[in-house]
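Here's the structure, in structure tokens; my notes come after.
The values are calculated or read from the model by the stated rules, or taken from the named source; none is laboratory data. Everything numeric here is computed off the predicted structure, so don't read it as measured data. All Cβ positions, glycine included, derive from the backbone under ideal geometry; neighbour counts span all protein chains shown. Quick note on the areas: whole protein, heavy atoms, side chains included, nothing else; ligands and nucleic acids left out. Shrake-Rupley method; radii C 1.70, N 1.55, O 1.52, S 1.80 Å.
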Amino acid sequence: MLHVKDLTAAIGDKQILKGLDLDVGAGEVHAIMGPNGSGKSTFAHTLAGREGYEITGTVTLDDADLLEMEPEARAAAGVFMGFQYPVEIPGVNNMYFLRTALNSVRRTRGETEVSAREFLSTAQEAMDLVEMPKDFLHRAVNAGFSGGEKKRNEILQMAVMQPRLAVLDETDSGLDIDALRIIAGGVNALRGPERSMIVITHYQRLLDYIKPDFVHVLVDGRIVESGDHTLALHLEDHGYADFVNHDLDASGRPLSGATS
Amino acid sequence: MSESLREIEELTEATYEYGFSTDLDTDIAPPGLTEDTVRLISAKKDEPEWLLEWRLKAYEAWKTMEEPDWAKLQIQPIDYQALSYWAAPKQKPVLDSLDDVDPDIRDMFDKLGIPLHEQKMLSNVAVDAIVDSVSVTTTFKETLAEAGVIFCSFSEAVHDHPEIVREHLGSVVPVRDNFFAALNSAVFSDGSFCYIPKGVRCPMELSTYFRINSQNTGQFERTLIIAEDDSHVSYLEGCTAPQRDENQLHAAVVELVAKDRSEIKYSTVQNWYPGDENGVGGIYNFVTKRGRAHTDAKISWTQVETGSAITWKYPSVILQGDRSVGEFYSVALSSKRQQADTGTKMIHIGADTTSSIISKGISAGHGQNTYRGLVKVMRSAENARNYTQCDSLLLGSDCGAHTIPYIEVKNPGAQVEHEASTSTVGEDQLYYCRQRGMSEEDAMAMIVNGFCRDVFDELPMEFAVEAQRLLSVSLEGSVG
Ligand SMILES: Nc1ncnc2c1ncn2[C@@H]1O[C@H](COP(=O)(O)OP(=O)(O)O)[C@@H](O)[C@H]1O
Ligand SMILES: [Mg+2]
């Protein structure tokens, strides 16, 4: 599925990702945790194709070279990113936005476009999944949404787009416990053998609801530790201190490990 | 400049799709403007004496007036003696049957998407087609006549309904109102005339399509719409011109008279040739549009201005009667080297009068967009209310947006509210849409159309679709 090898990303003089390796198999859910500023969002954006980074290394999805592709081509290849800060588009109705998005990727893939009626039932299912009120489709994209509504909208879009690889960037931040449960429920419902997910989070809290197959710790632009979900629990107790401000040995692991 | 900024610029450098010109056999007056020119025009049109005198009075006034101070506009001086003031396709201009329309003209309108053939006509829209200075045909005349509605060229109205024309001509825009209005009054060629009798709801949309074809001619149309008590009409004008290297002058006057409890909705989709990306060519569009709203009447201006090298235009409403309502909804796009200085004037005279202004300015390339609006509340206007909202959208870093509201309130009971905002099409917004699979062009069109939503919602359905398309096309470029 997804193979990331020796990925670096810089903006101007600032080196943000410093050699990142990650392999995600079909159907797997990987959590990426790390302190603020460690490069989690930057990693998500390099997968999604945001401009402005100088990038080296390789990223392939199903053997296609993602780094060569425009963002919209990556979307058509099945990459979906749930934004940490979803963008407002005033005056553009949600329903229209979503249908245009879906039909754009379908066109690129050589598939037929969905009719308004077909779309409506797809959208209805997605709305039920994240418990969005009925009037939602007729409101403008993210404009005037609460923080929780914006995040739910990201999951709703994911449900409509049915991606091959979902990268969810801090989808849990700023949510109360009910909203968190709704979102996690939506994400879990969308798990499947053909869909991989990278769930980026700052807190282990989300991982109580979304059980990842693997957990990676990203510190200062590198993955410094990988493990199963127990790694997240360790982080909950000990914080990132074990990984920050420690010299790294030649293997890139911190001297005092978190594998206990 | 970042990669996506550059792409935004490319996106906004679309080419003009109506730039073709048609080879019509045209009758053109020699360049220059003297009293004889005015007499010639009047004679060509076989006008009554009173109208010739009216024109001559306007000409005398014009000679003593000066061009307006251009404020935010940068403009080459116009040589009024180098222009020709009369151009007409050589066939007999006004025809009884659409089948008599010169096939070349019919083809030209086909290309513009305005079919004049009987079988293909837009249903429920009556069209007055004007080429250069004259009306070539008007569709659906009989249907309208059954309802008592008069919809014809201005010249026809002068001959067939002289008393109505004489009573209202210049009653809203006096001949000495401004330099261009005076010029227009002296030399106007043709235009549309609408008369909606008492209590009649006009059974279809009325529309005038203006096409400038000839070179080096000034275009001076005159439109007069009269809605009698308790009547209702929705009117639309569309405009295009061929691509030419020199600037062409267009100075129209539109007068609306909305009598008691009547409603006039006037929509414009203006797409005159804007010039190229270096600012060569394009139409100078200096237009005076004004309506007078009597008691309980409503006048609503909606405009989508995407063309012209220079747009100078302030559709206005004189809120004369008590409880009259004035509205102005505007989208103005300036890309390439276009300059738009547009807005409205709302003059509150009657009590309990209400006006609202929604202006959306879009600047791209090296375009400059200025909103200039006046809200004037006279002492007599008890309890007048105005709401103004001006939003500017910048696409790229070499363009500009300016908002200049003038507010004059002489009645302390008035409520005047003004809100303004300036935003850019964020790279973030484009990226968000592209991450969801949309091409950059589609994303841009979607975002800009969203920005204009409040105004497009005011357009009649068919034209809203056309306006959206036009905006997308104007923004389209070499990407992809
Ligand atoms: N556009 C930018 N220009 C300069 N530095 C940036 C930019 N975006 C992010 N950074 C820096 O890169 C680092 C990683 O940021 P980010 O990927 O957002 O971290 P995280 O998502 O883990 O909090 C931070 O130090 C941040 O300040
Ligand atoms: Mg982040």
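Results, tabulated for the structure shown:
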{"read-out": "Reduced Cα scattering model of segment A:85-204, Debye log10 I(q)/I(0), q = 0.14, 0.16, 0.18, 0.20 Å⁻¹", "value": "-0.59, -0.77, -0.99, -1.21"}
{"read-out": "A:His216, B:His232, reordered so the largest accessible area comes first (probe 1.4 Å)", "value": "B:His232, A:His216"}
{"read-out": "Rg in Å to one decimal, and Dmax rounded to a whole Å, for segment A:2-244 via C-alpha atoms", "value": "17.6, 54"}
{"read-out": "Probe 1.4 Å - accessible area at B:Cys399, Å² to nearest ten", "value": "20"}
{"read-out": "With all protein chains modelled, accessible area of B:Ile150 [1.4 Å, Å²]", "value": "30"}
{"read-out": "Neighbourhood charge, 9 Å Cβ-Cβ cut-off, centred on A:Asp172 and excluding it, Lys, Arg +1 and Asp, Glu -1", "value": "+1"}
{"read-out": "Positive minus negative residues near B:Asp352 (Lys, Arg vs Asp, Glu; Cβ under 15 Å)", "value": "+1"}
{"read-out": "Local net charge near B:Lys313, Cβ-Cβ under 9 Å (Lys/Arg +1, Asp/Glu -1)", "value": "-1"}
{"read-out": "Inter-label distance, nm, simple model (7 Å from Cα along the C-beta direction), A:Arg191/B:Arg39", "value": "9.5"}
{"read-out": "Extension gain, A:Asn93 back to A:His238 (0.36 nm per residue minus Cα-Cα distance, nm)", "value": "47.7 nm"}
{"read-out": "Accessible-area ranking of A:Arg107, B:Arg469, A:Arg74, B:Arg201, largest first, probe 1.4 Å", "value": "B:Arg201, A:Arg107, B:Arg469, A:Arg74"}
{"read-out": "Distance (nanometres) between label positions extended 7 Å along Cα→Cβ at B:Arg379 and B:Val465", "value": "5.4"}
{"read-out": "A:Arg106 versus B:Ile164: modelled label distance in nm, points set 7 Å from Cα along the beta carbon direction", "value": "5.1"}
{"read-out": "Entries of A:Lys40/A:Lys134; B:Lys259/B:Lys410; A:Lys150/B:Lys336; A:Lys18/A:Lys150; B:Lys298/B:Lys360; B:Lys336/B:Lys360 with Cα pairs more than 28 Å apart", "value": "A:Lys40/A:Lys134; A:Lys150/B:Lys336; A:Lys18/A:Lys150"}
{"read-out": "Chymotrypsin sites (Phe, Trp or Tyr not before Pro) within segment A:118-225, DSSP loop, no more than 16 other Cβ atoms inside 10 Å", "value": "A:Tyr203, A:Tyr209"}
{"read-out": "Gap separating the Cα centres of segment A:1-69 and segment A:217-246, nearest whole Å", "value": "18"}
{"read-out": "Choice from A:Gly25, A:Gly174, A:Gly49 showing the highest fluctuation, given a GNM over chain A with Cα pairs closer than 10 Å", "value": "A:Gly174"}
{"read-out": "Heavy-atom SASA rank of B:Met461, A:Met158 (probe 1.4 Å, accessible area, largest first)", "value": "B:Met461, A:Met158"}
{"read-out": "Beta bridges by DSSP in chain A, antiparallel share as percent, to the nearest 5", "value": "60"}
{"read-out": "Long-range amide H partners of A:Val92 with built H, under 5 Å", "value": "A:Val141"}
{"read-out": "Probe 1.4 Å - accessible area at B:Ser192, Å² to nearest ten", "value": "0"}
